[in-house]
Amino acid sequence: MEGRARQIAPLISYHDGIHAIDTHYVRPRLAAVHLVVQDGRAALIDAGTSHSVPQVLEALATLGLAPAAVDWLLLTHVHLDHAGGAGQLMQALPNARAVLHPRGAPHLVNPAKLVEASIAVYGRENFTTLYGEIVAIDAARVHVTRDGERIALAGREFEVLHTPGHALHHQAFVDHGGAQGANVFPGDTLGICYPEFTVQGRAMVIPTTTPTQFDPEQLVASIRRVCACAPHAAFLTHFGRVDDVARLGVDLERLVLRFAAIARAQIGAPQDAARAAIRGAMRDCLLAEVRSHGCALSSADAAALLEADIDLNTDGLLAWLARAK
């Protein structure tokens, strides 16, 4: 982590042997790596960035777990805030296998194109600051999933659901080892719940429609599929544990369809005009959502928290319109 101060993320412990590691990606409480411990064995869900690896290893040590105790690295998708650190993390976990969607696996076995595309978006300096060095994963240590298969951790089963919509290579993991019902690790399928918007324990959710493979119909179908598992709790990369998953699913569907309608209204408009219109309408939509949720943040503070998501979501909607043409 040359050029960056090493910061040990707080470890948040939940029920059923589930823990969240705040990776401090960009800011605190923006992104988490989740850790599940069962009878002395462990699975990690997502890897964070390369900068997150020391924090993950520190969390294992805090819980008295050796790196050799980790059997699985379950990756929801290969976007770099979720999987950028997977290669480096696998080097530190001698017994782990990386679990990847068949569309995502090639990009981490040979990440050159993924890195090249990301540098084109962020610029080399920003890319390095955000993600660090991306290391390939040995193909012999990759497990490519089948939809509906189950992966065992010391007898505890994780069901794999292929969940396109946010990305074609996206998958969610349903943990059937919960004492009060299933837990789900949905990656970005169930959107983003920033703690700053939570009111009296009631989370507010927004979709993430980032480039380049967002598809509203697929995403709505995937949201419904995850919610049909009736999970007791969901553990979001962005960020942490949420309850009342059925309500959040309804809110997400409504907003996904609203975002799609905002984008469709700009069909035929010049690119710059379409971008400005989509961005402005999305900003208004999300700020109205914050107000109706009862959040006490000012509009300026709420907009500051949402700024990056508004930009990325706008790009994703524009990419979707371009494919539709």
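Values in this text are rule-based calculations from the coordinates and carry no lab data. Just so it is clear, the model here is predicted, and its values are computed rather than measured. Cβ sites come from the backbone with ideal geometry, for glycine too, and all protein chains shown count toward neighbours.
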Taking Rh as the Kirkwood radius, which is the inverse of the mean 1/r over Cα pairs, what is the Rg/Rh value for the range 52-103?
0.97
Within 10 Å of each residue's Cβ, count the other Cβ atoms and sort Arg156, Arg225, Arg264 from fewest upward.
Arg264, Arg225, Arg156
Test of understanding: in a Gaussian network model of the chain with alpha carbons linked when under 10 Å, which of Thr49, Thr209, Thr62 would top the mean-square fluctuation ranking?
Thr62
Need one number: % antiparallel among DSSP beta bridges in the chain, to the nearest 5.
70
When you count, for each residue, the other Cβ atoms within 10 Å and take the mean per peptide, how do 144-150, 69-75 rank with the highest first?
69-75, 144-150
Among Val220, Val250, what is the fewest-to-most ranking by other Cβ atoms within 10 Å?
Val250, Val220
Computed from these coordinates, which is volume of the Cα convex hull per residue in Å³: (1) 129; (2) 112; (3) 153?
(1)
Relative packing of peptides 256-263, 201-208 - highest average C-beta neighbours within 10 Å first:
201-208, 256-263
So how long is each side of the range 20-137 along the principal axes, counting just the alpha-carbon atoms, biggest first, in Å?
44, 31, 19
Along the charge dipole of the range 118-257, Cβ charges K/R +1 and D/E -1, which of Ala140, Asn126, Val160 sits furthest on the positive end?
Val160
Summing -39500 (n - 2.57) over every DSSP H run of at least 4 residues in the chain and dividing by its residue count gives a helix-only mean residue ellipticity at 222 nm, to the nearest 500 deg cm²/dmol, of -12500 deg cm²/dmol
Pick out which of Ala154, Ala98, Ala246 has the largest mean-square fluctuation in a Gaussian network model of the chain, springs linking Cα atoms closer than 10 Å.
Ala154
Check: C-alpha center the range 38-82 vs C-alpha center the range 120-163, spacing in Å is 11
Between the range 11-31 and the range 257-316, what is the separation of their alpha carbon centroids in Å?
27
Enumerate the whole-percent occupancy of each 5 Å bin, from 0 to the last occupied one, for all C-alpha pair distances of the range 231-310.
3, 13, 18, 21, 21, 13, 7, 3, 1, 0
Fraction of alpha-carbon pairs in the range 100-251 farther than 26 Å apart, rounded to whole percent, equals 33
Would you please put 306-312, 127-133, 39-45 in order of how densely packed they are, using the mean number of other Cβ atoms within 10 angstrom per residue and starting with the highest?
39-45, 127-133, 306-312
